[in-house]
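The next block holds one structure in the form of structure tokens; read it before the comments.
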Amino acid sequence: MHKVIFYSKRYFEAIVWITGLTLMAWSNPFESQHYSLCLIKNSGLGFCPGCGLGHAIGFLVRGEFILSFKSHPLAIFAIIILSYRIFQIIKRKPFKTKFV
């Protein structure tokens, strides 16, 4: 049990980034009438850069590169930076601990 808690704390950030990227890739960017937790979208304002990034990642996964760039031009850089960060977290050397 101690090992599970140790590894979940150690890799928590990586788990969050992987989950976020997976959910954005899994969402359907073509559907506009879905439930959103976005405060900007729910307040009735037209454009939200966060929603644009989510749509752009969804378009990238589906191979729609032009639609992805129109949704958010920095989506490919966000994926590269987050993938690099995930790789850093997973590859770092573990510190020595004593499990009971």
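If I90 satisfies every condition in (1) of a type in the set (A, V, I, L, M); (2) modelled with pLDDT under 90; (3) exposed (fewer than 11 other Cβ atoms within 10 Å of the Cβ) but one, which is the exception?
Status for I90: all satisfied but (3).
If only one of F77, F59 is over 18 Å from S27 (Cα atoms) and out of contact with any Phe, Trp or Tyr (no Cβ under 7 Å at 6 or more places or on another chain), which one is it? Let's see the steps before the verdict.
Details: F59 fails: over 18 Å from S27 (Cα atoms).
Step by step, each of F77, F59 is checked, and only F77 is over 18 Å from S27 (Cα atoms) and out of contact with any Phe, Trp or Tyr (no Cβ under 7 Å at 6 or more places or on another chain).
The values are calculated or read from the model by the stated rules, or taken from the named source; none is laboratory data. All values derive from a computational prediction rather than experimental measurement. Methodologically, a virtual Cβ is constructed for each residue, glycine included, from the backbone with ideal geometry; neighbour enumeration extends over all protein chains shown.
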